[in-house]
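Before any comments, here is the structure.
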Amino acid sequence: MKFFLKKFNNYISPIAKTFVYCLMPNHFHFLVKIKKEKIVFNFFRKTFPKFQTLEKLDNKLISKQFAKLFSCYTQSFNKQNNRKGSLFIKNFKRKNIDTENYLKRTIIYIHQNPVNHGFCDNINKWKYSSYNSIISDKPTVLQKEEVISLFEDIDNFIYCHKTDPDIEI
């Protein structure tokens, strides 16, 4: 799973800010915000020289970057496990988060996912989640301060993660 996170960072960090994530044995969740900045345009212009304006930066290019991640990981996994074929069953899904409340609920949902699926009994115990990185003092590539500020402070962030998911945030 660390290898997947490393590849995620290589392929997705140039085009997106990562807020939270959770990797599980059978699926994963990432909450990212696509960068609409010149750095993204320059990144893609090198890869796709025919796109000469920022306006041409569309979902197809972003999807291609995610496809590169999945392909790279699949090839490495298959080589290491002496197997062939697809590793991922379905295409990845994207959802537009259009309200702050939906954003907060999504963050909590992602962090509580291993508990909800029975992989652990406490979100603190799941090591392939951003939850512990966010409550830690250690540096991270995550948009940690922005995530915490959505919940006002670290104490409220922790409280909201431990309460009923239907609680009004």
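For the residue pairs K35/K144; K95/K138; K6/K93; K7/K104; K33/K104, alpha carbon separations beyond 24 Å are given by K95/K138; K7/K104.
Put simply, the amide H of F19, placed in the peptide plane, has neighbours under 5 Å in L31, V32, K33, Q143, leaving out anything fewer than 5 places away on its chain. Shape class for the range 72-129: oblate, because the ratio a/c of the largest to smallest gyration tensor axis (alpha-carbon atoms, square roots of eigenvalues) is 1.5 or more and b/c is at least a/b.
Put simply, when 144-155, 103-114 are sorted by average Cβ atoms within 10 angstrom per residue, most first, you get 103-114, 144-155.
Where a number appears in this text, it was derived from the coordinates with a stated rule and is not lab data. These figures come from a predicted structure and were not determined experimentally. Glycine also receives a Cβ, built like all others from the backbone with ideal geometry; neighbour counts cover every protein chain displayed.
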